[in-house]
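Before any comments, here is the structure.
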Amino acid sequence: MSYDRAFATTWQLLLDAICTLMGLGADRDPPVVLSSLPDLPYPVKGRAPLSFIQGPPGRNIALAIGLHAALPKAPLILIMNADSVTLGTNHLIHAARRNIGMTLLLLRSEVTATADGDGDSLDRMRWGLPAYQQIIETAPTPLDWVSALDAAFVGRASLRDPDHLAALIHEAVEASGFSVIGVTAEADLQLGVLSRTEWPEYFTAYREWARPFQQVGKTVLGKGKSGLHKSSRNVPRCEVRIAGFGGQGVKLAGTVLSEAAGLHEGLWATQRGDYGSATRGGPSMVDVVIGSDPITYAGADHPDVLVVLSRGAAQRYAGAMKPHARLVADPGEVGALPPGAIPVPVTALAREHTGKPIAAGMVSLGCVAALSNAVSLESLRQSIAEHVPRGAVAKNLAAMEAGYAATRRALEGGAYA
Amino acid sequence: MSKASFMHGNEAAAEGAIAAGCRFYAGYPITPSSEIAEILSGRLPEMGGVFIQMEDEIASMAAIIGASLGGLKSATATSGPGFSLMQENLGFAVMSEIPCVIINVQRVGPSTGLPTKAAQGDVMQARWGTHGDHPIIALTPSSVQEAFMLAVRAFNLSEQFRTPVILLMDAVVAQLKEKVEIPDPGELTIIHRITPPVPPREYKPFAFKRGEVAPLAVFGHGYRYHVTGLMHNEYGYPTEDPEVVSQWWEHMTTKLNDHLDEILQWEEAQLDDAEIALVAYGGTARAAAHAVTLARAQGLKLGLLRPITLWPFPEAVVRRMAERVQRIVVPEMNLGQIRYEVERLSAGKAAVEGVNRADGLQITPEQILEKVMG
C-alpha cells in the first residue's frame, strides 16, 4: 500500500478492494466499475486504469444489465449511495428479482471519507446524507429488500476492515447472479454473509432457453414468401375499399387481396385499415390500393371499387366514390341501397358456403375480382389458400367464387354498365 | 436473389435491425411500436442475440448503451411517452459517443395523447429532446421498404459516427402493409464500428480531431477506459478545462457536419420546373406525392422535396429550392415543426405555408391540393 489506510479516502479503500480482483483468472475479464459518485481520483494513480463507467445516478444498474448481456464474463461492480439507490430503486428491484449478474456495493449513509474519521477527508468526501437529513431520515435499508427478493448474495462489510471487504466482494462476484454488499463504517452491525439464494442467473438462463431457436434462425433469415417481382400488365392505380363492421372478415379480406395483387400478380399494393376495436360489431374497414407503379398515398378515399357491408359504411363512404366507380352493397345489411349500387347478398352467401358471416370478406373479394382487372381469380385463390386454415380453404374459395358469380350475374342482368 | 414479402413498417424496421446486425434489444412495449418488440423477442434468440423487456424506457435506453459498450449493436423502440423518458440516457450516449438506435413510432402527444393514432409531433424532440447543444441523426421512412433500408442505415451511421441515431417513424408507415423486397444479406452494406488498431496502453477512447471519431474498443475486454457523462478529455477523464471543452465542441460539431454528404438523403420529384414545392416527410410524403400527380394532371407545376434524413436537416437543398419556387407548402402531422426550418432557410425568398393536423387523422392529398390552389 502506498498510503496509510487510516487516512485513506473511501474511494481508495473501495478501489483497492476491487483491484484485488484483477487477477480473477483466465476465464474472466477484469472487473468493470460503475458509479455516479463524485470525486473519483482520475486517473487512479499508480495502477492501470480501471474500466469505469460514470453513468447518470441510479441508471448504472440498467446500464449494467445491457453490459452484462454483452460481456457475461466481466464482473460488474456498482458503487452506490442513498441518492443513487433512490433514483435507481426501480432498476435495483428488477435486476434483483431477475437475478441479473452484478455486484452492488451499497454505501450506508454514515459511510463518509475515511475508515477512521480524518477530518479533512470527511468534509471533502461526504457521500452520505447531509447531516440534517441523517437526523430526520433513517439510513436506507435496501439490504432488507434484496434479501426479500431472494438476491443471490447479500452481505455486509466494514470499511474498517478492508481485507474482509475485499474477500466479501470476491465472494459476491463469484456468486451467480445479483449480489449486494452493504458497506458500513459502524462497528456494531452484523458483518459477513447475510443471506444466499441459489437460482440461475438471468442471461445464463436466457441463453440456455434460446439455444434451440438458433437452428431455426439460420433458415428463417430473409424469410417471406417469394413472389413475382414485376407484372407485365399495365394496371392504373385502383382503390378498393371494403367496409362493414367487426366480425365480417374485412381485415383478412384486405390481406388476401393486397397479397394476391402484390405477391401473386407482381403488382404494387398497399393495405391500410381502420379495424376499429378488437371486439365484434364496431365499424371496420380496409383500403387496398393496387397498381403497376409503386403506390404513394395508401388511402382509398375515392374508391374505384367499394363494397359496403353495413348501413353505416354505405352512409359514410358511398358519396366519396370516383365517377364511374363500382359499388357493391349487401341489401341484407345496408337496407336502402345507395344509387347505382350492385346488390349482392354478401352475408347470405357467406353463410350459405361456410356457415359463418365472417366469410363476408371472402365473398367481397369475389365481387372485387368481378369488377376490376387489378386482380385475377387465380391469384385470389392462391392467396386465400395461404391465409385460411387448411380445412377451411375449400369453403372460403367457394364463398369467394359465389361472390364473383353473383356480381357477374347482377352486372349482366342490371343496368350498371 | 431478394425476396418479395408483404409486411408492415414495424416488421420491416425489426427485420432491418436484424439484417444490420442488431443483437441486443431492450424495450418496454408501447403502441404503435409494440410489434417491433414482439417480432424481435422472437427473432433475436434465433440469431444468437438477446431480447429483454425492461421495467421502463429509462432502463431500456440505459441497457442498450451498456450492451453497445460491450460490443453488441443495440436498439430500442418506443413511442412519444417512452421517448420522453429516454432523453436523459440519450444525452449520455451522445456525450460518451456510444452507437445505438432508437426507433420512435410517433403518436399524438403530449403525454399519453392519442395512443393508436398517427402523428409527427416528435420531430423537434428528436432534434432537441435531450438538454444541451448536441449533434444527432434522425431518419424518417415513407414506405415499408424504406423502413427496412433506413433501419439498416441507422445502425450503419450510428456505428460510423459513434452516435445515437433515431429512426423516426409514424403510424402511417408503421402500420401500413405493403410489398417489400428484402435484399439478401450479401447485398447490403453493413458498417461496423472501427476497433482500436493500437495496443491497450496507447488507446485513447475519444479523439478530438476535427470531423473524426475515435475507434471504439469493446469495453473492459483488454481495453480499460473511462466513460462518463461529464465533459472529458481524450482519455475519457472528466475535465473543466475550457480549452479541452472547446476542443470537445469542435469535435462534436464537426463529426457530423463535415460528413453531410454521407449522412443527408432526400428525394426530389418534379421539382425542375415547379412553381410551387411541397416539403413532406414520413407517411405524409405519400399523400404529398399523390397530390403532385393530381396537380400535374391539372397542369399545375407542383413538385415535392422529401427529406429522408430529417436531422441534420438538408438545409442547402431547401435554400436552393427557395430561390427557384414562388411558394413552399409543408404538410405535416403536427402544428408546423419542419415548417419553422423551411421558413428559416427560405429567408423570405419563397412564401411558406403549412398544412397541419394533430388530431390523429392522416393528411389527405385533397387537403394539400386545397392549400396549394390557395
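For chain B, the relative contact order comes to 16 percent (Cα pairs under 8 Å, sequence separation of at least 6). Going by a ≥ b ≥ c, the root eigenvalues of the Cα gyration tensor, does region A:238-413 fall in the rounded group (a/c under 1.5), the prolate group (a/b larger than b/c) or the oblate group? Rounded, since a/c falls under 1.5. Sequentially through region A:171-177, phi angles give Karplus couplings (6.51, -1.76, 1.60; θ = phi - 60°) of 5, 5, 5, 6, 5, 8, x Hz, Gly and Pro residues having no value and appearing as x.
Listed from fewest to most Cβ neighbours within 10 Å, the set B:Thr364, B:Thr116 follows the order B:Thr116, B:Thr364. On the basis of the beta-carbon distance and an R0 of 45 Å, A:Trp199 and B:His192 show a calculated FRET efficiency of 0.80. Counting other Cβ atoms within 10 Å as a rough exposure proxy, the listed residues B:Ser79, A:Ser284, B:Ser246 run B:Ser246, A:Ser284, B:Ser79 from fewest neighbours to most. Binning the alpha carbon pair distances of the protein assembly as shown at 10 angstrom intervals from zero yields the distribution 3, 13, 20, 21, 17, 12, 8, 5, 2, 0, 0, expressed in whole percent. Among B:Ala151, B:Ala274, B:Ala288, determine the one that fluctuates most according to a GNM of chain B built with springs between C-alpha atoms less than 10 Å apart. Highest fluctuation of the listed residues: B:Ala274. Relative contact order, whole percent, for region B:3-187 stands at 31, derived from Cα pairs under 8 Å and 6 or more residues apart. Note on region B:181-287: with charges restricted to the Cβ of Lys and Arg (+1) and Asp and Glu (-1), its dipole about the Cα centre is near 880 debye.
Within the shell defined by Cβ-Cβ distances under 11 Å, the residues around B:Val180 carry a net charge of -2, with Lys and Arg each +1 and Asp and Glu each -1. What the phi angles of region A:405-411 give under the Karplus curve with 6.51, -1.76 and 1.60, with θ = phi - 60°, is a coupling list of 5, 5, 5, 4, 4, 5, 4 Hz, glycine and proline written as x. Using a simple spin-label model with pseudo-atoms 7 Å out from Cα toward Cβ, A:Leu377 and A:Ser231 lie 1.7 nm apart.
In plain terms, chain B is cut at each of the trypsin sites (Lys or Arg not before Pro) found in a DSSP loop with at most 15 other Cβ atoms within 10 Å, and the longest leftover piece is B:1-208.
With the helix formula -39500 (n - 2.57) applied to DSSP H stretches of n ≥ 4, chain B reaches a computed 222 nm mean residue ellipticity of -12000 deg cm²/dmol. Counting only DSSP beta bridges whose two residues both lie in chain B, roughly 30 percent are antiparallel.
Computed on region A:238-413, with alpha-carbon pairs under 8 angstrom and 6+ residues apart, the relative contact order is 23 percent. Once the C-beta distance of B:Ala297 and B:Ala351 is scaled by a Förster radius of 35 Å, the resulting FRET efficiency is 0.90 to the nearest 0.05. Here is the list for region A:47-91: trypsin sites (Lys or Arg not before Pro) lying in DSSP coil, each with at most 15 other C-beta atoms within 10 angstrom of its C-beta, are A:Arg47, A:Lys73.
Computed extension gain for A:Leu189 through A:Glu352, at 0.36 nm per residue and net of the alpha carbon distance, reaches 50.6 nm. A simple charge model with +1 on the Cβ of Lys and Arg, -1 on the Cβ of Asp and Glu and nothing else charged puts the dipole of the protein assembly as shown at about 2580 debye relative to its Cα centre. Ordered by the count of other Cβ atoms within 10 Å of each Cβ, fewest first, A:His164, B:His251 give A:His164, B:His251.
Computed on the Cα atoms alone, the convex hull of chain B gives a volume of 139 cubic angstrom per residue.
Annotation: amide H of B:Lys179 within the under-5 Å range of A:Ala269, sequence separation 5 or more or interchain, hydrogens built in the peptide plane. Backbone amide hydrogens, once placed in the peptide plane, bring B:Met169 within less than 5 Å of B:Asn104, B:Val105, B:Gln106, excluding anything fewer than 5 places away on its chain. Return one number: the angle in degrees, 0 to 90 and rounded to the nearest 10, between the long axis of the Cα atoms of helix B:57-69 and the longest principal axis of the Cα atoms of chain B. Helix B:57-69 and the main axis of chain B meet at about 60 degrees.
When the chymotrypsin sites (Phe, Trp or Tyr not before Pro) in region A:274-343 are filtered for DSSP coil states and for at most 16 other beta-carbon atoms within 10 Å of their beta-carbon, the remaining sites are A:Tyr275. From the square roots a ≥ b ≥ c of the eigenvalues of the alpha-carbon gyration tensor of region B:3-187, which class results: rounded (a/c under 1.5), prolate (a/b over b/c), or oblate? The shape class here is rounded.
Each DSSP beta bridge with both residues in region B:3-187 is either parallel or antiparallel, and the antiparallel ones are about 30%.
Counted over the protein assembly as shown, the DSSP beta bridges are approximately 35% antiparallel.
Each value in this text was obtained by applying a stated rule to the coordinates, not by laboratory testing. Computed from a predicted model, the values in this text were never measured in an experiment. Counting neighbours? That spans all protein chains shown, and the Cβs are built from the backbone with ideal geometry, glycine included.
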